[in-house]
Amino acid sequence: MGADTQPPSAAPRDLYAGPSEAEALKQEATSLPSFDLAPHQVSDLELLLNGGYSPLLGFQGPAEVASVLERMRLPSGALWPLPVTLDVTEAFASTLGSGDRIALRDPEGILLAVMDVEAMGSPDLPAQLQALFGTTDETHPGVRAYRQDRGPVRLGGPVRGVEAPTHHDFVSRRHSPAKLRERFETLGWRRIVAFQPYEPVHRAEFESVLRAATKHAALLLLHPLVGSTTSADLGHVARVRCYEHLLTHAPEASVELNLLDLAPRQGGPREALWHALIHKNHGCTHILVGQDSTVAARELLEEHAVELGIGVVRPEELVYREERDQYVPANEATEARPALATSESEALRRLASGEEVPPWFSYPEIVAELQASSPPRERQGFTVFFTGLSGSGKSTIANALRAKLLARGGRHVTLLDGDLVRKNLSSELGFSKAHRDLNIRRIGWVASEITRHGGIAICAPIAPYAATRRDVRGMIEPLGGFLEVHVATPLAVCEARDRKGLYAQARAGLIKEFTGISDPYEEPQTPELRIDTQDVSAERAAEKILAELAALGFLRPG
Ligand code: PPS
């Protein structure tokens with residue numbers, strides 16, 4: 001029997017203990033060293049425990065990793081293209097010896113599994129990165145993702161499950177491999193094509209994958225990854241809601257949606273093969289390889305399809321025929337082919353700018369979903385982050401800006417002024433570097449929440465350190481706008497003004513660590529705006545900021 005016709009194989013074994021063994025493990029765990037897993041490690045553990053990573057029985061030690069990197073196989077010879085390791089801090093590893101048992105807990109401390117530590121070591125990271133990605137360059141997304149470890153030491157050894165990780169969203173769409181196979185059986189399907197979308201799926205793509213499944217007389221399984229990612233892309237909730245809408249546009253019981261809680265590794269062709277293996281463990285007989293997959297990934301999958309027992313399906317490219325209001329295969333179209341690529345990029349542009357999107361491009365519910373989750377800039381939140389010396393005029397400009405924004409109406413504005421924050425949010429903090437950094441991070445966190453929810457945050461602290469300002473920018477930019485305004489009034493002018501009398505006290509040594517006098521101020525190198533209050537009034541400065549926000553699209557002009 002060829003890979004193309006192979007029925008689903010038996011469900012892989014899970015690694016959960018039965019009730020009495022689980023109870024004993026819980027008792028034992030009270031005296032074991034505990035390791036609180038990061039979210040991506042919980043995803044790995046869940047797939048180990050539920051058989052999604054079968055035939056693995058635990059986290060891989062150095063010998064297994066070496067074998068995987070060298071030949072894409074486990075020491076047993078079974079195909080396995082990517083390492084699954086448990087990274088821990090040196091401090092935690094130093095408390096362990098080989099043969100010890102440890103309790104693996106979720107980030108809240110709930111016991112999920114007990115692990116026998118059979119191997120421990122710090123890998124030769126550059127060599128591993130080279131083997132996996134062909135480079136050690138930090139700009140490669142795979143290298144960046146691989147480095148986001150919990151620590152430099154990796155523990156290997158078998159795991160025994162006590163409790164499955166808890167999920168609160170889309171619970172009915174998170175089936176284990178065994179449950180999913182049961183579901184396929186109930187629905188009466190023996191051929192299942194896995195389709196793993198990364199982005200929202202629009203009409204052309206959905207119609208082509210549906211056709212491919214129909215052609216293979218198979219159920220289409222939408223099997224998107226929803227594991228933790230560091231990218232600022234559309235969050236998984238909006239993506240899953242988009243996929244749920246797709247179900248209503250397919251013939252009844254022809255498409256299933258199941259979420260694969262797996263963090264993406266950016267591992268290229270090896271990862272494509274790895275995903276195929278995981279889909280297979282979930283009962284899929286075929287895997288769909290779309291237009292966006294690379295030639296190398298397709299070739300690697302096709303090379304191993306028979307061994308894997310999974311058929312590779314390539315959907316046809318479809319084009320939209322306006323006169324028929326239909327998608328047809330590109331090679332069947334007799335009339336002159338419409339310039340779909342141009343229309344598609346135009347549709348995506350419209351989607352991004354909140355303009356109307358033609359119904360041939362996508363389903364209205366999906367367009368609405370995307371527009372709600374990534375509104376056009378003028379409906380997104382933003383933060384205006386002032387930085388500058390004490391007495392430079394930050395608060396005065398910030399107040400003028402706040403008044404002008406409120407006068408335009410329709411927006412909520414929160415002012416996080418340096419002095420106010422220190423009274424309400426940071427009253428216990430002083431002016432050491434550590435305390436200033438903590439103060440700015442608190443301000444940044446509040447501003448990021450305001451921005452996330454579509455509000456306007458105006459922050460006006462001294463914020464003397466460039467690295468901390470950069471971190472705050474990094475927290476906010478993925479969620480909306482961020483405008484850094486350097487109020488660059490020279491120190492001599494601030495000191496001459498000395499409205500609070502603080503400079504005089506600082507010069508007299510009565511106030512220690514005073515910015516500009518006895519403490520550093522690192523000037524921003526590339527702020528969005530630089531304002532010297534010697535040259536402009538606070539009113540004029542606020543207007544300049546409004547104009548900049550309008551030019552960036554965060555405010556309507558006028
Ligand atoms: S920081 O560095 O961003 O955490 O500072 P910030 O929270 O903005 O607080 C600055 C205000 O605190 C008063 N103040 C001092 N400033 C600088 N250095 C020292 N040592 C200090 N001690 C008290 C001062 O009034 C600052 O207010 P502004 O509005 O900037 O003049």
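All of the numbers you see were taken from the coordinates with simple rules; none came from a lab. This structure is a prediction, so every number in the text was calculated from the model and none was measured. Cβ atoms come from the backbone with ideal geometry, glycine included; neighbour counts cover every protein chain shown.
The distance between label points at Glu199 and Leu429 comes to 4.0 nm (points 7 Å beyond Cα on the Cα→Cβ vector).
Taking Cα atoms only, the orientation of helix 177-187 departs from the longest principal axis of the chain by about 60 degrees. Segment 99-173 and segment 28-90 have their alpha-carbon centroids 7 Å apart. Glu369 sits among other residues whose Cβ lies under 12 Å from its own Cβ, and their net charge, with Lys and Arg +1 and Asp and Glu -1, is 0. Between the residues Leu405, Ala463, Ala434, the greatest Cα displacement towards the positive end of the dipole of segment 377-551, with unit charges on the Cβ of Lys, Arg, Asp and Glu, is found for Leu405.
Taking Cβ atoms as reference points and 13 Å as the exclusive limit, the residues near Glu543 contribute a net charge of +2, counting Lys and Arg as +1 and Asp and Glu as -1.
The stretch between Glu23 and Ala91 holds 21.6 nm of extra length on full extension. This uses 0.36 nm per residue minus the Cα-Cα distance.
For segment 105-201, chymotrypsin sites (Phe, Trp or Tyr not before Pro) meeting the loop criterion (DSSP other than H, G, I, E, B) and having at most 14 other Cβ atoms within 10 Å: Tyr198. Above 40 Å lies some portion of the pair distances; for the chain, what is it as a whole percent of all C-alpha pairs? Counting every Cα pair in the chain, those more than 40 Å apart make up 41 percent. Here's how it looks for Arg73: its modeled amide H is under 5 Å from those of Val68, Trp80, which are all 5 or more places away or on a different chain. Listed values for segment 299-310 are Karplus-derived 3J(HN,Hα) couplings in whole Hz (6.51 cos²θ - 1.76 cosθ + 1.60, θ = phi - 60°), namely 5, 5, 5, 5, 4, 10, 4, 5, 4, 6, x, 9, and x replaces Gly and Pro. The charge dipole of segment 171-318, taken about its Cα centre with unit charges on the Cβ of Lys, Arg, Asp and Glu (plus for the first two, minus for the last two), comes to roughly 400 debye. Note on segment 19-161: the C-alpha convex hull projects to 8.7 nm² when averaged across all orientations. What is the helix-to-structure angle for 466-476, meaning the angle in degrees between its Cα long axis and the longest Cα principal axis of the chain, kept from 0 to 90 and rounded to the nearest 10? Relative to the chain, helix 466-476 is tipped by roughly 50 degrees.
Extending 7 Å from Cα along the Cβ direction at Arg442 and again at Lys512 yields two label points whose distance is 2.1 nm.
Computed from Cα atoms, the angle from the helix 39-49 axis to the main principal axis of the chain rounds to 10 degrees. Across the chain, C-alpha contacts under 8 Å between residues 6 or more apart give a mean separation that, scaled by the residue count, equals a relative contact order of 12 percent. For GluC sites (Glu not before Pro), the sites in segment 246-279 that DSSP calls loop and that have at most 13 other Cβ atoms within 10 Å are Glu252.
Of the residues Leu86, Ala103, Leu425, the one whose Cα sits farthest toward the positive end of the charge dipole of the chain, with +1 on the Cβ of Lys and Arg and -1 on the Cβ of Asp and Glu, is Leu425.
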